[in-house]
Amino acid sequence: MMPEAPQEYKILFTGTMGAGKTTAISAVSGIKMVKTEAANTDRALFNKATTTVGFDYGEVGLEGGHVLRLYGTPGQQRFSFLWKIVAKGAIGVIILVDNSRPDPFEDLAVYLDSFRKFVDIGGVVIAVGRTESHQRPSIDDYYQHLAARDLMLPVFAVDVRKSEDVLMVLDVLFNMLEVSDAESA
Amino acid sequence: MISKNTAQLRQDYGLMLREELDLLAANVGILAAQVCTSDGFEVAATRRSEESHRRLAAMVSSMQALGAAVVEETELGTYRNLIIEGTEGKSMMMAIPGTGGDLLLTVVASAQLLFGIFLVLCKNTCEAMSLRLQAGTLAP
């Protein structure tokens, strides 16, 4: 079980460029976010004005004085050196998948492989965005895809602009980690 | 803010930036220099593009953004540069004036090069690049 004294827990948001990591943290952060955005010169990959090149940071306060420290990684693989740095000390990872991308499963595989140690301890939740406009692959398809890789991870369709969606995913991850913690105790 | 993509930047300004980088690298103690975009793409470098240059461009992008975040958090005004020192040398990362912080100069120097000289060389190069970029109608 999580200790009674107020604790801080570090959780990562990762996923492809444009998947909504900054938006997700912004939706739930109780403090002014730290953003490290730069002008995006790679519009062919994703047509948006700016992109995260350092990390995003926000916080969510929990009952009992606990605090979730939320870190968003840059999405592009050229920043993978930073994924490892930011992941230090994290207890879990939320992988955001953009269902409008050409091959969401291929995208997902990059982050499952890169954050394998969190997958192995059951510290990963997959949040799929833009499912209203792009219904395939379905959430069932994701479960089948994961099963084919011998993985059992929770998958949810989310709208990262909605705080309740993001908080739900955080709640699931936190509860998974509590269960994992209790089982290993 | 620069509206061109990296390929356009390389095509339009790569040669000119490379000339300035080579002038800088002609100084004793300067080991390497590079210009990259603030989102981590190499635009010009003193040596041919290599994997290490591409990785460095991404790292510089992150470092610059984190440096700017620290400057903002501590209310130090506008971000200018970042200096990293190792036992065998040092590196300076500077935003090139007039680009809205979208183009960054990174210079690697030997430990023997004095900091003051290093700083002046980097600043002079940044200013020269800025003037030539503006003369070359760096598209806003």
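Could you look through region B:9-34, keep only residues that are charged (D, E, K, R) and more than 14 Å from B:L105 (Cα to Cα), and pick out the one that is surrounded by the most Cβ atoms within 10 Å (Cβ to Cβ)? Spell out the reasoning first.
Of region B:9-34, the ones charged (D, E, K, R) are B:10, B:12, B:18-20, B:22.
Now drop any that are not more than 14 Å from B:L105 (Cα to Cα), which leaves B:10, B:12.
Numbers: B:R10: 19, B:D12: 17.
Step by step, filter region B:9-34, then rank; the result is B:R10.
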message: If the requirement is being in contact (Cβ under 8 Å) with a residue 12 or more places away in the chain, surrounded by fewer than 22 Cβ atoms within 10 Å (Cβ to Cβ), of a type outside the set (A, V, I, L, M, F, W, C) and within 14 Å of chain A (Cβ to nearest Cβ), which of these qualifies: B:T37, B:T87, B:T6, B:T74?
response: B:T6
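With respect to A:E63, is the statement that it is more than 16 Å from A:Y9 (Cα to Cα) and of a type outside the set (K, R) true?
In short, no.
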message: Based on this model, can you work out whether A:T16 counts as modelled with pLDDT under 95 and of a type in the set (S, T, Y)?
response: yes
Selected residue [farther than 21 Å from A:L82 by Cα, among the hydrophobic types (A, V, I, L, M, F, W, C) and within 14 Å of another protein chain (Cβ to nearest Cβ)] from B:I117, B:I96: B:I96
field: Selection count, region A:42-70, where residues are within 13 Å of another protein chain (Cβ to nearest Cβ), farther than 16 Å from A:A90 by Cβ and surrounded by fewer than 24 Cβ atoms within 10 Å (Cβ to Cβ)
entry: 9
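In region A:71-90, how many are away from every other protein chain (no Cβ under 12 Å), in a helix (DSSP H, G or I) and either within 15 Å of B:A58 (Cα to Cα) or among the aromatic types (F, W, Y) (or both)?
Let us first name the residues in region A:71-90 that are away from every other protein chain (no Cβ under 12 Å), namely A:71-72, A:84, A:87-90.
Of the ones still in play, those that are also in a helix (DSSP H, G or I) are A:84, A:87.
Right, trim to either within 15 Å of B:A58 (Cα to Cα) or among the aromatic types (F, W, Y) (or both) and you get A:84.
Looking only at that region, the number is 1.
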task: State whether the residues of region B:95-115 include one that is among the polar types (S, T, N, Q) and more than 13 Å from the chain's Cα centre (by Cα).
output: yes
query: Quick check: anything in region A:14-25 crowded, with 17+ Cβ neighbours inside 10 Å, of a type outside the set (S, T, Y), away from chain B (no Cβ under 14 Å) and in a loop (DSSP other than H, G, I, E, B)?
result: yes
message: Within region A:166-183, does at least one residue satisfy the condition of being surrounded by fewer than 12 Cβ atoms within 10 Å (Cβ to Cβ) and farther than 17 Å from A:I11 by Cβ?
response: yes
query: Just checking, which of B:V43, B:V108, B:V60 is in contact (Cβ under 8 Å) with a residue 12 or more places away in the chain, within 12 Å of chain A (Cβ to nearest Cβ), hydrophobic (A, V, I, L, M, F, W, C) and not in a helix (DSSP H, G or I)?
result: B:V43
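Among the residues of region B:111-138, count how many are part of a loop (DSSP other than H, G, I, E, B) and among the hydrophobic types (A, V, I, L, M, F, W, C). Spell out how you get there, then give the answer.
If we filter region B:111-138 for residues that are part of a loop (DSSP other than H, G, I, E, B), which is where we start, we get B:111-114, B:136-138.
Applying the additional criterion that residues be among the hydrophobic types (A, V, I, L, M, F, W, C) yields B:111, B:113-114, B:138.
Number satisfying all stated conditions: 4.
The values are calculated or read from the model by the stated rules, or taken from the named source; none is laboratory data. None of these values were measured; they are calculated from a predicted model. Because the Cβ atoms are built from the backbone with ideal geometry, glycine has one as well, and the counts that use them run over all protein chains shown.
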